[in-house]
Amino acid sequence: MHVRTDVVVIGAGQAGLSAAYHLRRTGFRNNSGFVLLDHGKRPGGAWQYRWPSLRLGKVHGIHDLPGIALGDPEPDRPASDVVSEYFGRYERTFDLPVLRPVDVLSVRDEGERLLVESATGSWSARALINATGTWDRPFWPHYPGQETFRGRQLHTADFQSAEEFRGKHVVVVGGGTSGVQLLLEIAEVASGTTWVTRREPEWFDLDFTPGLGRRAVAKVERRVREGLPPGSVVSVTGLVRTPEVRRGIEQGILDRKPMFERLTGDGIVWPDGTGQRADVILWATGFRAALDHLAPLHLRAPGGGIRMAGTRVVADPRLHLVGYGPSASTIGANRAGRSAVTEIRRLLDR
């Protein structure tokens, strides 16, 4: 199957759906005008893979997609179910041309058009909106002795339930929000926990106000303008000291230890020679942007990132990245979708 179309959107998470909504509103028709390719088996973007114990009430915030509000679902329901249902309703309401499951393997430059290739077909597009997020690229750092550890190692992307770790000693590696949430959850059933991070955590007691959010986005935006990797959200925002976090600190659960030097068969060892026995290592070490399929376009800048101007890739104005860098948040993804479509409309009209 080979299809010619004006715009291809890759990814049907928050950013991809927002972009598709604005494509439809600005006059692009289904199939011949634009198509949305998603590798998930059902609606929900990365949310469909979140661990079942992550309840909606514990999520920092899910911003409404343009045109339809999420509403007020029960906070005790799994976030994965709530968001998947919401995204599915959204796709049906606006009759968005979503094809799934489609695994995009590569995007190539064909002169006037971009060729989007998958195992099941290809699409020739005048412009491309990439909204593939980060969930498919969990980051696993390497430490000496990692292959000798006899216990279990997993990434947060593989986490299902704290019950798996009942009675075990768990080392949680990473200073992000997910690491903190899972550490507090695991500590309720584990025989013991150890929290290690590369940097001392920065806590703040304020609510996450729009002003704080704007300053955080500005820092990330400066990085991508310079062609540097975006970096993690926590690296520019810090961690919120919620009531739950306060209790974790008081109980000694969130007692951060510096990064260990190496792993052994039964645990971890710090540079001073002290060690900690462990049954499980949970790598809460974040994700990287899932952009391998764009490699044939050679977009990487010397700094290791992709140089951006807003959502537009500087090296190729036909290509926009949404849900990347400063737009890697639910509210940022909405704005990025609208901005990308506005620029693409202007480009194609020319």
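The values are calculated or read from the model by the stated rules, or taken from the named source; none is laboratory data. Nothing here was measured: the structure is a model prediction, and the numbers come from that model. Every residue, glycine as well, gets a Cβ built from its backbone with ideal geometry; the counts of neighbours run over all protein chains shown.
What number of residues in the range 54-70 are modelled with pLDDT under 80, of a type in the set (A, V, I, L, M) and touching a strand residue (DSSP E or B) at 6+ places or on another chain (Cβ under 9 Å)?
0
Filter the strands (runs of 3 or more DSSP E) completely within the range 242-350 down to those with at least 2 residues that are closer than 27 Å to Gly174 by Cα.
Values: elements: 256-258, 262-264, 267-269, 275-277, 280-283, 316-321.
Because the criterion is at least 2 residues that are closer than 27 Å to Gly174 by Cα, the strands (runs of 3 or more DSSP E) in the range 242-350 that meet it are 256-258, 262-264, 267-269, 275-277, 280-283.
Residues that are surrounded by 15 or more Cβ atoms within 10 Å (Cβ to Cβ), among the aromatic types (Phe, Trp, Tyr), part of a helix (DSSP H, G or I) and out of contact with any strand residue (DSSP E or B) (no Cβ under 6 Å at 6 or more places or on another chain): does the range 71-88 have at least one?
yes
Look through the range 165-190, keep the residues that are small (Gly, Ala, Ser) and surrounded by 12 or more Cβ atoms within 10 Å (Cβ to Cβ), and return whichever of them is nearest to Leu263 (Cα to Cα).
Only one residue fits best here, namely Gly174.
Filter the range 20-45 down to the residues that are surrounded by 18 or more Cβ atoms within 10 Å (Cβ to Cβ) and closer than 15 Å to Leu99 by Cα and list them by number.
Restricting attention to the range 20-45, the residues satisfying the condition of being surrounded by 18 or more Cβ atoms within 10 Å (Cβ to Cβ) are 20-24, 28, 34-38, 40, 43-45.
Residues satisfying the conditions are Ala20, Phe34, Val35, Leu36, Leu37, Asp38, Gly40, Pro43, Gly44, Gly45.
Could you tell me how many of the residues in the range 176-224 are at pLDDT 75 or above and within 29 Å of Gly252 (Cα to Cα)?
29
Quick check, is Ala157 touching a strand residue (DSSP E or B) at 6+ places or on another chain (Cβ under 6 Å), part of a loop (DSSP other than H, G, I, E, B) and hydrophobic (A, V, I, L, M, F, W, C)?
no
Quick check: is even one residue across the range 71-81 closer than 25 Å to Gly325 by Cα and of a type outside the set (Gly, Ala, Ser)?
no
Considering (1) touching a residue at least 40 places away in the same chain (Cβ under 8 Å); (2) surrounded by fewer than 23 Cβ atoms within 10 Å (Cβ to Cβ), say which one Ile344 fails and leave the rest.
Going through the list (1) touching a residue at least 40 places away in the same chain (Cβ under 8 Å); (2) surrounded by fewer than 23 Cβ atoms within 10 Å (Cβ to Cβ), Ile344 breaks only (2).
Between Asp103, Asp95, Asp158, which is among the charged types (D, E, K, R) and touching a His at 6+ places or on another chain (Cβ under 9 Å)?
Exactly one residue qualifies, and that residue is Asp103.
Do we find that Gly323 is among the small types (Gly, Ala, Ser), on the phi > 0 side of the Ramachandran plot and surrounded by fewer than 20 Cβ atoms within 10 Å (Cβ to Cβ) in this structure?
So Gly323 fails the test.
Can you name every residue in the range 102-131 that is modelled with pLDDT of 95 or more and β-branched (Val, Ile, Thr)?
Scanning the range 102-131 gives Val102, Val104, Val107, Val116, Ile129.
Could you say which residue among Thr134, Thr148 is among the hydroxyl-bearing types (Ser, Thr, Tyr), under 27 Å from Phe260 (Cα atoms) and either surrounded by fewer than 18 Cβ atoms within 10 Å (Cβ to Cβ) or in contact with a Cys (Cβ under 8 Å, 6 or more places away or on another chain) (or both)?
Selected residue: Thr148, the only one of Thr134, Thr148 that is among the hydroxyl-bearing types (Ser, Thr, Tyr), under 27 Å from Phe260 (Cα atoms) and either surrounded by fewer than 18 Cβ atoms within 10 Å (Cβ to Cβ) or in contact with a Cys (Cβ under 8 Å, 6 or more places away or on another chain) (or both).
Could you go through the range 6-18 and let me know if any residue there is loosely packed, with under 15 Cβ neighbours inside 10 Å and more than 16 Å from the chain's Cα centre (by Cα). Walk me through it before giving the result.
Initially, the range 6-18 is screened for residues loosely packed, with under 15 Cβ neighbours inside 10 Å, giving none.
No: the range 6-18 contains no residue that is loosely packed, with under 15 Cβ neighbours inside 10 Å and more than 16 Å from the chain's Cα centre (by Cα).
Residue check: is Pro52 surrounded by fewer than 15 Cβ atoms within 10 Å (Cβ to Cβ) and either in contact (Cβ under 8 Å) with a residue 60 or more places away in the chain or farther than 21 Å from Ala289 by Cα (or both)?
Yes, satisfied.
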